[in-house]
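Presented below is the structure to which this report refers.
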Amino acid sequence: MDACGNPDEDLEKKILVAHQNNDGLKLAELYAEAAYNSPNKNKACFFMVNAYTLALEYKHPKTQSFFQFLKKHDREN
Amino acid sequence: MEKTATLDKVCLPIGKANGLPNEHYTCSSVFQEEKDILLFAKWSGLAVSAEIPNIGDVVPIHFQGIPLFIVRTKENKVKVFQNTCRHRGMILIDTAKSIEGAIRCPYHSWCYSTDGNLISTPHVGGPGRNLHEEIDRSKLGLTEVRSHVWMGVIWINLSGNAPKFEDSMKELMDRWADFDRPLFHGGKESSFTIEIAANWKLAVENYCESYHLPWVHPSLNSYSKLEDHYHIEYKNKFSGQGTKVYQQLKDKDGNVFPDFSNLEAKWDTAAEYIAVYPNVLLGVHRDHAFAIILIPDSPEKTNEHIHLFYSQEDTPEHLRLKNSEQWRLVFDEDVPVVEGMQKGRHAVNFDGGRFSPVMDNPTHCFHYWVANEVQNGRMRKS
Ligand code: FES
Ligand SMILES: [Fe+2]
C-alpha cells in the first residue's frame, strides 16, 4: 500500500489478472484485501464497494462482512 | 394509416361471414394495432418454464420487440421482468445463464435480486458511497411483467390489466382439469422451432380445424379420420378440435409412454387440440401433451416454438425421439398451406374468403374474436 492508500503494484497486478480472467470471487477477495490494507477511509470504502458488489453477484461467503464494513462507514444501509 | 376495412362481415353468422381482410395479414400498422389489442392486453404465451429448470436460471427473450427475461427466483418461482436496468437502461441479461447471487448490470454494476429488487447501487453517491438520498432503491426494482405458469407454459399479460389468469382461462382450465398437474418436458429433442413465412393468425386458423386432415396429413388421417373429429368452440376464448380415436405411439415391442394417472375414461381414446387465444396451441393425450407458442416476428413472419411434455420425468428416450419426429412431420406438413394462405392474401380485393358452415366453425370462432376485439379496440381509441 502506498502513502495515498492505493494498493501496491503486486496487488494491483493481481486485480487486473482477475479482471481479465473474469474471476469474480477472487476479485472480490482482492478488492477486500485492498480495502483492509488501505489507511485512507475513502479509498478503503471505494475498494470495499467493489468487493461487496462482486460478492453479491457471486455469492461470496464474506458478503455480509463486506456489507458491515460499508455500513459502519455509512456507505450502505 | 390508410383507412381500415370494416370488420362487420367477419362477425356475421358463419354461413354468411367473410374472413379477416388482407391487411390483417400483410399490413404493418394493423400488425402493430393487433399487437396491443390481441397480444399485450391478453394472456400471451412467452416460453416454457422448462427453459429455466433450476433456481437462478435466467433466459433473455424478446417479445414483440420488448426485451424481457424469465428467471427462476431463489424461492423457486418463475418470474418475468423487463430486461432493462433502472439506471441508464442497459440490457441486464444478454445470454441464458445461471445467477448465483445477484443480477449485476454490466454497465455501472447496480445489483438486483432474482426477484427484481434493487439491492445495491455501487458508488451512486460518489466513489465508495453506495447511498444517495435521491436514490430510493425500494422504488427502483425491475419492472415485472404479470405472469402465470400453466400447462408448462409461461403466460404473460404485458398491459397489466387483463383479468386474473385463472379467470381469463377458467373454462379451459375446467375442461382440462385432468391435465392440471406436473408435466415433464421431454428435454432437448422434445423442443423444436419452425419458422414460417406467414402471419401468426394463419397458424392459429390452420391449427383450429380438422377439415384439412385428409389432404394435408394423409398419414394422420389413416387413424385420425375426419368423421372421428369434433369441434371445440368457446366464444372469445379458445377453439379447436378433438378426436375420439387417439392411438398411442408404440415401439416394435409394443412399449408405450406411461399414462397420466387418474384420467377420466374418455381420454382412453380421446385427444384434444385447442388454440388458446391469442398465441398458444395446446394438445393433450392420455400419455403426452404439447404446447406450440407462436411468436410473431413481423406481419409475414412467425416462429413456432414446439415443446412436448410427458407424465413422468423418465420416459423411454427412443419413444420420445419417435414422437418428436412424428409431430415434426405433421407440423412440417402444415407449413406449405399456412405459407400458401399468406401468399394468397396479397391478391388485391380478396374478400377474406368464406367458411364451410359445417367444417370451419372453430376457425370462424377465432376470426370472430379477432374482429370483435379489434373493433372494440378501435372504438375505445376514437
Ligand atoms: S445502466 Fe445499469 S448500472 Fe448503469
Ligand atoms: Fe395440420
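The values are calculated or read from the model by the stated rules, or taken from the named source; none is laboratory data. Please read all numbers here as calculations on a predicted model, not as lab measurements. Glycine also receives a Cβ, built like all others from the backbone with ideal geometry; neighbour counts cover every protein chain displayed.
Could you tell me whether any residue of the range A:31-38 is more than 19 Å from B:R129 (Cα to Cα) and part of a helix (DSSP H, G or I)?
no
Restricting the range A:45-64 to residues that are touching a Gly at 6+ places or on another chain (Cβ under 7 Å) and more than 15 Å from B:A102 (Cβ to Cβ), which is surrounded by the most Cβ atoms within 10 Å (Cβ to Cβ)?
Top of the filtered list is A:C45.
Could you look through the range B:1-54, keep only residues that are more than 19 Å from B:Y368 (Cα to Cα) and touching a Phe, Trp or Tyr at 6+ places or on another chain (Cβ under 7 Å), and pick out the one that is surrounded by the most Cβ atoms within 10 Å (Cβ to Cβ)?
B:G45
Out of the residues in the range B:97-118 meeting the condition of being free of Cβ contacts under 8 Å to residues at least 40 places away in the same chain, part of a loop (DSSP other than H, G, I, E, B) and away from chain A (no Cβ under 11 Å), tell me which one is surrounded by the most Cβ atoms within 10 Å (Cβ to Cβ).
Once the filter is applied, the top-ranked residue is B:G116.
Restricting to the range B:270-286, what's the tally of residues that are part of a strand (DSSP E or B) and not acidic (D, E)?
Number satisfying all stated conditions: 10.
Just for the range B:103-124: of the residues that are aliphatic (A, V, I, L, M) and in contact with a Lys or Arg (Cβ under 8 Å, 6 or more places away or on another chain), which one is nearest to B:N157 (Cα to Cα)?
Among those residues, the one meeting the criterion is B:L118.
Which strands (runs of 3 or more DSSP E) sit wholly inside the range B:50-90 and have at least 2 residues that are within 17 Å of the chain's Cα centre (by Cα), away from ligand 1 (no atom under 16 Å from the Cβ) and more than 22 Å from B:S120 (Cα to Cα)?
B:57-63
For the range A:34-55, enumerate the residues that are of a type in the set (G, A, S) and facing another protein chain (nearest Cβ under 10 Å).
A:A35, A:A44, A:A55
In the range B:340-382, how many are surrounded by fewer than 20 Cβ atoms within 10 Å (Cβ to Cβ) and of a type in the set (D, E)?
2
Hey, can you tell me all the residues within the range A:56-77 that are outside any helix (DSSP H, G or I), within 7 Å of another protein chain (Cβ to nearest Cβ) and among the charged types (D, E, K, R)?
A:K59, A:R75, A:E76
For B:E133, work out the one condition from (1) within 12 Å of chain A (Cβ to nearest Cβ); (2) within 21 Å of A:T63 (Cβ to Cβ) it doesn't fulfil.
(2)
Would you say B:R86 is more than 30 Å from B:A275 (Cβ to Cβ) and away from every other protein chain (no Cβ under 14 Å)?
yes
Please find, among B:L68, B:L92, the residue that is in the same structural domain as B:E134 (by TED's automatic domain parsing) and without any contact (Cβ under 8 Å) to a residue 60 or more places away in the chain.
Only one candidate passes the filter, namely B:L92.
Would you check which residues across the range B:220-248 are touching a residue at least 40 places away in the same chain (Cβ under 8 Å), away from ligand 2 (no atom under 11 Å from the Cβ) and either under 18 Å from B:F331 (Cα atoms) or assigned to a strand (DSSP E or B) (or both) and list them?
Of everything in the range B:220-248, those that are touching a residue at least 40 places away in the same chain (Cβ under 8 Å), away from ligand 2 (no atom under 11 Å from the Cβ) and either under 18 Å from B:F331 (Cα atoms) or assigned to a strand (DSSP E or B) (or both) turn out to be B:H231, B:I232, B:E233, B:Y234, B:F238, B:S239, B:G240, B:Y246.
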